[in-house]
Amino acid sequence: MNKNEFEFILKEGEGLKTEFKERISDIENIGSGLSRMKDLCRKVKAPIFKLDVDEKYFRLIFSKSEEYIQLSETTSQKTREKTREKIISLIVENPIITTTEMSQKLKISNKGVEWNLKALKDEGVIKRIGPDKGGHWEVRQP
């Protein structure tokens, strides 16, 4: 991006135009930084950022790449599977274990334990026998 392109964008925000014209060397530095960032985005095959300019600010908006989103989903899936395996192990070890005890041992929230227990129950992997207080867990498939 050269000096003229950046000045054209700033014409929409009149207050910035004068301020930036006074510091033209700063604009040139920003412009070369933007070019280097675009080059880096292309090099790593990431989406090119968007430049958003208004009367007071300019923002760079970076989007997540499809590759990053897929990696994130895969990582989340693996984490859920490991957590569920640990829950099953805890139940096998101690069928009367409470969700609070699981939460403490797994170092996740009570809601996180409850969410995973619901999923395991829905999949038919575990079953709760008896009431919340005084009941126990049963693993239906190892």
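Loop only by DSSP, 13 or fewer other Cβ within 10 Å of the Cβ. Give me the GluC sites (Glu not before Pro) in the stretch 99-142 that pass, ordered by residue number.
Counting only loop positions with at most 13 other Cβ atoms within 10 Å, the GluC sites (Glu not before Pro) in the stretch 99-142 are 123.
For the stretch 110-120, the Karplus equation 6.51 cos²θ - 1.76 cosθ + 1.60, evaluated at θ = phi - 60°, returns couplings of 4, 4, x, 5, 4, 4, 5, 4, 4, 4, 5 Hz by residue, with Gly and Pro reported as x.
Working note: Karplus 6.51/-1.76/1.60 with θ = phi - 60° gives the stretch 54-69 the couplings 10, 5, 10, 9, 10, 10, 10, 10, 9, 9, 7, 7, 4, 4, 5, 4 Hz, where Gly and Pro are set to x. Among the chymotrypsin sites (Phe, Trp or Tyr not before Pro) found in the stretch 64-142, not one is both in a DSSP coil and sparsely packed, with 12 or fewer other Cβ atoms within 10 Å of its Cβ. Seen through its C-alpha gyration tensor, with square-root eigenvalues sorted a ≥ b ≥ c, the stretch 97-142 comes out oblate because a/c lies at 1.5 or above while a/b is not bigger than b/c.
Multiplying the residue separation of residue 36 and residue 70 by 0.36 nm and subtracting their alpha-carbon distance yields 9.6 nm. Cβ-Cβ distance of residue 122 and residue 99, R₀ of 22 Å, FRET efficiency by 1/(1 + (r/R0)^6): the value works out to about 0.85.
Extension gain, residue 109 to residue 63: 0.36 nm times the residue separation minus the Cα-Cα distance gives 13.6 nm.
Each reported figure results from applying straightforward, stated rules to the coordinates on display, with no laboratory input. Keep in mind that what you see is a predicted model, and the values were worked out from it rather than measured. As a convention, Cβ positions derive from the backbone with ideal geometry for all residues, glycine included, and neighbour counts pool all protein chains shown.
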